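Comments concern the structure below.
The values are calculated or read from the model by the stated rules, or taken from the named source; none is laboratory data. Small disclaimer: the values here were computed from a predicted structure and weren't measured. Reconstructed Cβ throughout: ideal geometry from the backbone, glycine too, with neighbour counts over all protein chains shown. With ligands, DNA and RNA removed, areas are computed over all heavy atoms of the protein, side chains included. Shrake-Rupley method; radii C 1.70, N 1.55, O 1.52, S 1.80 Å.
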Amino acid sequence: MNLIEKFRSSHLISKLFVVMTVSIVAVCLLTSLITIRMAERLFAETFSITNGKVLNQINTGMESFNDSVVNAVTFASQSGSVKTYLTGGDTDSVAMSKVYYRMAEQMEQIASNLGAYDVAVTIIGVNGRSYSTDSNYWPGSSQELADDPLTRYTAAEPRRVLYQYDERDGKAGKERFIVASKALVDRTGGLSYGMLYIAIRETEFRRFFANFTSSGNDVLVLDPAGVVVSSNRTELIGSKSSELLRDVETLKRDRLDYLKGTAFGKEAIILANDLPPYRLYLVNLIDRQYTAGQIINIRQVALICLVIIGAALLLVFVISRRLTLSLTRLVRLMSTITKKDFRNYISVSGSYEVKELSKAFNYMLDELNDYVHKLLETQKEQRNAELAALQRQINPHFLYNTLASIKLLVQKGSKETAAETINALISLLQNTISNANETITVEQELENLRNYVFINQVRYGDRIKVSYFVSPDCIRCELPKLILQPFIENAFFHAFNVKTEGTIYILISKTDHSLVCEVADNGDGMEFDPNDWVPDHPKNRSQLLTGIGIQNVNHRIKLLHGESYGVRITSVKGEGTQIRIVLPLIEDSEVTGDAV
């Protein structure tokens, strides 16, 4: 209280000296702190977007490897020679020579599917026989493999290709591998007659992401137990981090772009992607301390602040009286600035103090304008990333259901029908996955739908018919790929649960400025108010939008073309459902076609 009373009763110059001293120190510290925090936050947001795209590129490489593994496994499981080798008994030497010769040919074919990768393929059978393309690459006898946890886990899930971390003692010491394994199961009896292993060294597996790492920017592959199975930081391989696993699961559960946490004793920005075929997580760790040091030299900032404070303390007492008049004039000028107008700069004039304050104020406006610009750019990139993510979600969902249909046909033994179905699937893949364009013509979309309808009618019969009504002048129009298929799928699987048969109608027409696509059925229908329907509402999602592809169609259209376009759904219980999709009218002048 005595200090406060003395301050109140002191001279104005003393008050001004104290206030200015405290103010200068506070401004320096707060400006530095705010600048550092803003830079860190902006860096985190920008880097998370950039590295998110990098993770997607790494995902693509790993998916290509998984596709090669699946092709090799499929070939082995369908090979009669492989089955004979793994289940047959001892015969005369001539017959055994033929069996071994055919097995060698089949193994060459299996290995050819993986020719782009340095791997070893090993097969063991229930009769004790084994075959390996390179026994020195991944050492281990058939007896050791039979008792290995790799085999037990594979046998427990015979219908999946499993990826597991494995360590072996080799000539050069302990070697680390990522092993893809699959049980070979007899289609008729359902019994396992062998095991297939595809081993790749961790150093080879690491090449999928090694080119995307740098100092302070690390990539890890984490298994569901939190064990690091591969990383550019070799000292972390084999170690376990429950804390990092918890952060990765939080990112996945809350659908966050990034998370600030602690990993292996360091503060880090954490990004993660799922690797569903591998049952692994792809994790990107950005060292916050290292990156912060690259952005701002904190020691230099602190030194500059100290120099400024020291110089100010030496000068403030001498020229405080002159500064009083200059400050009054500066306040008068600043009070005329329009609120929220970051372009209203102050002219630098007057005493030294006023000039410095004017420069600082103008500098702050520059920083704010720069920050707002960068923030808008960041939001634009986030919007583009969201659109790309929605577009990638539809194709895998559609492909999964189509392959399930083909699987049932193969199990029923309908070879000719299965072949026709596979041809239809091939045509679909050529028009969708192989076609790099995001949009296709109505004619191409109709061809895709006919193939898809054919597959489903082969599986379920022709109790559900499909009729097409397409205006001839719509054939050249373009629309996003697979925009109608999710609704046809929803009608096939959910519109005729009570009624045993019915018809799905596909109608395509155009107005002056819009392309209108309708998918209607005379199936079960449902009770709901179309005026209250919101695509993201949990209630509507559970009742109507049962497929993830259908949920994303409305988002995808709005992200591509704006809020004036999208999906409208009407339904009457017992009478059927009608889905109306409105798209912008875009015509491809190079495409010609006849009326459907």
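If only residues of region 480-508 that are in contact with a Leu (Cβ under 8 Å, 6 or more places away or on another chain) and under 23 Å from K573 (Cβ atoms) are counted, the one that is most open to solvent (accessible area, probe 1.4 Å) is N490. For region 509-528, taking the residues that are of a type in the set (S, T, N, Q) and part of a strand (DSSP E or B), the one that is least open to solvent (accessible area, probe 1.4 Å) is identified as S514. The sole residue among R450, R463 that is open to solvent by 50 Å² or more (accessible area, probe 1.4 Å) and either within 27 Å of R568 (Cβ to Cβ) or modelled with pLDDT under 80 (or both) is R450. Annotation note: Cβ proximity below 9 Å between a residue of region 252-277 that is under 19 Å from S231 (Cα atoms) and touching a residue at least 40 places away in the same chain (Cβ under 8 Å) and a residue that is assigned to a strand (DSSP E or B) and open to solvent by 90 Å² or more (accessible area, probe 1.4 Å) (sequence gap 6+ or interchain) occurs for I269/K260. Of the residues that sit in region 187-232 and are assigned to a loop (DSSP other than H, G, I, E, B) and in contact (Cβ under 8 Å) with a residue 40 or more places away in the chain, which one is nearest to D118 (Cα to Cα)? Among residues in region 187-232 that are assigned to a loop (DSSP other than H, G, I, E, B) and in contact (Cβ under 8 Å) with a residue 40 or more places away in the chain, the one nearest to D118 (Cα to Cα) is F209. The residue list G562, G566 contains one member that is closer than 21 Å to K481 by Cβ, modelled with pLDDT under 85 and either within 31 Å of the chain's Cα centre (by Cα) or surrounded by fewer than 17 Cβ atoms within 10 Å (Cβ to Cβ) (or both), which is G562. Taken as a whole, region 56-76 holds no residue that is touching a helix residue (DSSP H, G or I) at 6+ places or on another chain (Cβ under 7 Å), surrounded by fewer than 16 Cβ atoms within 10 Å (Cβ to Cβ) and among the aliphatic types (A, V, I, L, M).
Of the residues contained in region 54-69, none is found to be part of a helix (DSSP H, G or I), under 28 Å from the mean Cα position of the chain (by Cα), closer than 23 Å to T213 by Cβ and modelled with pLDDT under 80. The set of residues in region 77-97 being open to solvent by 20 Å² or more (accessible area, probe 1.4 Å) and either assigned to a helix (DSSP H, G or I) or at pLDDT 90 or above (or both) consists of S77, Q78, G80, S81, K83, T84, T87, S93, V94, A95, M96, S97. Highlighted here are the helices (runs of 4 or more DSSP H) found entirely within region 267-381 that include at least 3 residues which are over 48 Å from the mean Cα position of the chain (by Cα) and at pLDDT below 65: 320-334. A39 satisfies every condition listed in (1) touching a helix residue (DSSP H, G or I) at 6+ places or on another chain (Cβ under 6 Å); (2) at pLDDT 70 or above; (3) farther than 23 Å from Y281 by Cα except (2). Among residues of region 150-175 that are under 22 Å from Y281 (Cβ atoms) and of a type in the set (D, E, K, R), none has a beta-carbon under 8 Å from a residue that is at pLDDT 90 or above and in a helix (DSSP H, G or I) at least six positions away or on a different chain. Looking only at region 108-149, filter to residues that are touching a residue at least 60 places away in the same chain (Cβ under 8 Å) and in a loop (DSSP other than H, G, I, E, B); which one of those is most open to solvent (accessible area, probe 1.4 Å)? Once the filter is applied, the top-ranked residue is V126. The sole residue among E249, E167, E235, E243 that is acidic (D, E), open to solvent by 40 Å² or more (accessible area, probe 1.4 Å) and either in contact with a Phe, Trp or Tyr (Cβ under 7 Å, 6 or more places away or on another chain) or in a strand (DSSP E or B) (or both) is E167.
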